[in-house]
Every structure is written in structure tokens, then in C-alpha cells.
1. For the range 65-124, which residues satisfy the criterion of being basic (Lys, Arg) and within 30 Å of residue 321 (Cβ to Cβ)?
2. So if I check each of 165, 158, 140, 152, which one is within 24 Å of residue 54 (Cβ to Cβ), of a type outside the set (Lys, Arg) and touching an Asp or Glu at 6+ places or on another chain (Cβ under 8 Å)?
3. Output yes when any residue across the range 194-213 is basic (Lys, Arg), within 15 Å of residue 301 (Cα to Cα) and surrounded by fewer than 16 Cβ atoms within 10 Å (Cβ to Cβ), and no when none is.
4. What residue, among those in the range 119-132 that are touching an Asp or Glu at 6+ places or on another chain (Cβ under 7 Å) and aliphatic (A, V, I, L, M), is nearest to residue 53 (Cα to Cα)?
5. Starting from the range 390-402, take each residue that is closer than 15 Å to residue 13 by Cβ and of a type outside the set (Lys, Arg) and list its partners that are at pLDDT below 85 and surrounded by 17 or more Cβ atoms within 10 Å (Cβ to Cβ), counting only C-beta distances under 6 angstrom and pairs at least six apart or across chains.
6. Would you check which residues across the range 148-190 are farther than 29 Å from residue 268 by Cα and acidic (Asp, Glu) and list them?
7. If residue 170 satisfies all but one of (1) part of a helix (DSSP H, G or I); (2) out of contact with any Phe, Trp or Tyr (no Cβ under 7 Å at 6 or more places or on another chain); (3) touching a residue at least 12 places away in the same chain (Cβ under 8 Å), what's the number of the condition it fails?
8. Give the residue, chosen from 349, 310, 355, 368, that is touching a Gly at 6+ places or on another chain (Cβ under 8 Å) and outside the structural domain of residue 232 (by TED's automatic domain parsing).
Amino acid sequence: MFIKTLELINYRNYPAIRLEFHNHLVLLLGKNGAGKTNLLESVYFLANGKSHKSIPNSDIVKWGSAYSVIRAVVDIDGKENLIEHQIDPDGKVKIRFNKIFLKNRQAVYKKMPLVIFSPDDLRIIKSAPVFRREFIDDILSKISPDFHNLKLKYQKILSQRNSLLKGMDVNSDNNLRKDTMDTWNESLVRNGTSIIIERLKLIEILKENFLKYMNYFFSGISFDIFYVFSWAGADIAEESSNSETDSLSGNGFIKDRQNTLNDFDKAGEKYIHDTFLNNLLLKMKRDILTKNTSTGPHRDDIVITLNGKDIRYFGSQGQQRMSSICLRLAELEVIKEHIDKKPVLLLDDVLSELDIERKEMLLKLIEDNFQTFISAANFEYIKDIKLAECEKFIIENNEFKLL
């Protein structure tokens, strides 16, 4: 996949711009607030039909405009394709592929793999487990056509079970609701087990690439990444991103590692299913009290360790930053392998957070392997770096100038 031209009309702060790209590396330079992230967002929207931010589509339309347009010529499998998105003020999106309106937009988006790194990615490493689960599940949705629907089904069952819990009393025998709860438990476990297995398979693939990149940037340090079940003695805390969970021993080392990925290696799907169900039953009283389901893939976590310790608490800011970048680089490899296409890479303001050595290492790693768009607020971030052939655009007053 290679984006050859990009045209924006009434998109965010841009009344009308048109850019052509000829090199694999594109640098977007401009002051804070100039609109660099907006341009990267438009490329992401082109490939996904939505922003990478948690915002409604209507926010994209320039204030007072009747609609917004993203139009691009994209080389897919050696053929040029014209892709157009029209976003209306009410948030509705219309897409044309080679001038034909499409109802099944997902078929087009599957042809346009893309990975974005933004400053918010640091929360994958440092914040609550939900961000790590979303990272894993987003990749699965890109490479597995059925995973998105599987997760929606699980969330619906989970919601039904939680609704049933709200009508139960821990001091009552609840006999009238027991049969219904047994049915929801089995459905939850069956679908939840499928989600867990898909995640475990992905972690194994992701891990190989992640460790390769971490060892590239940091020599002499041992890294690891593994999956932690919600029943592994770690009552994953959603409300706090800073408090340690029971998965950590007092000195910060991960304990009960047999309750992570190794369990799946030993016993497979039956072990996951039976352990999930048993723990669901064991925590029934607690769930009735809290009116919430405390066990399942919606409570699981992914842990990254540095010399055996959780990187969230014992990694430096630089190590945490690079680990989030390496997760995205590993995602690139996974997507490329599974759909046999080279994704486009978007790096939003990543260079400002790295030292010169690792900036050079990152750019050398990328080179011509992927079409890459990099935004930077200051030319100082790149002036001392040896760059491969690239295109440099400076953004001023909503206009792009080629340097």
C-alpha cells in the first residue's frame, strides 16, 4: 500500500489542500497547533473510516461547512485506486471506491492496512489494563474477520449477566434465577474462551517481533511479554493505573507465572474453559455484591517485564516510550505477515521523545520498508539525524510547502 496523493476539503483546519508523495519517508514539520496531527488523522480515517481519537465523526467537518472530503489515490497491489470519503455534519460517512459508492466499506478497509503511533500510546504501557486489551483486540480485528463480531457477542452476554446480577441478593437462595444464570455463565465462558485463545495466539506471534525490536534498541536487558488471566491471583484494577496488583510480588517481580501463557501451552482450550467457569462460580457471591462480573477476558491483562520486573513501575520513561513504539513495530510485522501487504506507518510527534541515537536507529529500521509519515514540531529534532531520501513538508497557515 502506497498513498500517492491526498486531498482534503473542509477537513478540520484545512479549507482545501492537495499533496503528492513520491518517497517512502514523509516528514511533516510545523509548530504546535499547525495541523500536523490532523493530516495524520485524515490518513488514518482513509484506511479505517474513523479517527484514531475517541471523537465523533462530526468533529472532523470544518466549522460551518456542509461536508468534509478525504480523497486519495492509493496504490494497492500495484494498481492505482481512487478512494473518497465524505463526512457529513451529522457524522454519516459515504465512501466511493473508484467512483462507485460502497455499502460494504469493511472490504475496502481490509485492503488498506495502517498502524499509527501517537503520544497517547504510552498509556498502553503505563495505564489501566483496558488500554492493553484494546491494543491486542484492535490487531485481532484487523487480521481476523470474525473477531470483532465475537467480541460484540461476548459484550452482549456480559451485559445480560450483569443485568441478572443486579436482581440477585447474596442473602437469598436465588433459586428462581439460578437456571438462567447457569445459561449465561456457559455462554459467557464459551465465547470468552474463544476470545482468550485468539489473544494468546496473537501474543505468541507479537512477542517474537516485540523482543526483537526491544533487543535492537536496548542491549544487555532481558524483556518479556505475556498474558495474565483475571483468575491468576491478579484482581486487575480498572480504576487505578498506578496501584500494583496482586500479580506483583512485594519486590515487583511477577509471580504465579504458571497462571499466564504457560497454562495454555499445557492444557489448551479445555483448561481455559474449565478454569474460567470454576472461577466464575467461585466468585458468584462477590459478583452479586458488586453487581458486576469480575472474571473473564474483559478483566485480563498483558504484562511487559524488564529483567523480570513490570516495566510500568521499574522502567525508565525512555524504556517505556520505546516499548510502546516496539509494540507498534511488532504490530506492523504481524499485519504484514497475515494480510501479505505492507502497512502505512504514522508516527505522530515521536522524535521529540527520543535521544539522537534512538532516533537514528528508528529511522534506519524503517527506511524504505514502509511508507511512513512522521510529524515533528521542530526542525531541531531531525537536523542532526542522517536521513534516507525523504520528502519534507512545512505547515504554515494551513498550507504545505515542500522543502
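The values are calculated or read from the model by the stated rules, or taken from the named source; none is laboratory data. This is a predicted model, so every value here is computed, not measured. As a convention, Cβ positions derive from the backbone with ideal geometry for all residues, glycine included, and neighbour counts pool all protein chains shown.
1. Answer for the range 65-124, where residues must be basic (Lys, Arg) and within 30 Å of residue 321 (Cβ to Cβ): just 123.
2. 140 is the lone residue from the list that is within 24 Å of residue 54 (Cβ to Cβ), of a type outside the set (Lys, Arg) and touching an Asp or Glu at 6+ places or on another chain (Cβ under 8 Å).
3. Yes - at least one qualifying residue is present in the range 194-213.
4. 130
5. none
6. Correct list: 169, 173.
7. All conditions pass for residue 170, except number (1).
8. 355
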